[in-house]
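The values are calculated or read from the model by the stated rules, or taken from the named source; none is laboratory data. This is a predicted model, so every value here is computed, not measured. Cβ placement follows ideal geometry from the backbone for every residue including glycine, while neighbour counts extend to all protein chains displayed.
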Amino acid sequence: MKTSHFAIAAALAAVVALPTVASAQGATEKCYGVSKAGKNDCQTATSSCAGTAKADKQNDAWVSVPKGLCEKIVGASLTAGK
């Protein structure tokens, strides 16, 4: 497994393990380009529903993560890619 894939997997595992309290307090941000196909949180530029990303790491698909985490994930972005 490549180091970058391991870093992404570890960061996403940490997100899943966090309690939902952070979401309730609004301490989250949209993190683009890291979701698996069909696992995005909400709409993309080409679809209107969650879970509709067509490809892994789709640039316009996002997942909600605790603030500050997205900047630590290799290949992630706080803005939608083109």
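Filtering region 67-82 to residues that are in a loop (DSSP other than H, G, I, E, B) and either surrounded by 13 or more Cβ atoms within 10 Å (Cβ to Cβ) or not β-branched (Val, Ile, Thr) (or both) leaves LYS67, GLY68, LEU69, ILE73, VAL74, GLY75, ALA76, LEU78, ALA80, GLY81, LYS82. Of all residues in region 24-66, which are within 16 Å of GLY81 (Cα to Cα), part of a loop (DSSP other than H, G, I, E, B) and among the β-branched types (Val, Ile, Thr)? VAL34, THR44, THR46, listed by residue number.
Selection within region 16-36: residues that are modelled with pLDDT of 90 or more and of a type in the set (A, V, I, L, M). The member of this set that is farthest from GLY68 (Cα to Cα) is VAL34. Just to be sure before I move on: is SER64 surrounded by fewer than 17 Cβ atoms within 10 Å (Cβ to Cβ), under 8 Å from the mean Cα position of the chain (by Cα) and at pLDDT 90 or above in the structure I sent? Yes, satisfied.
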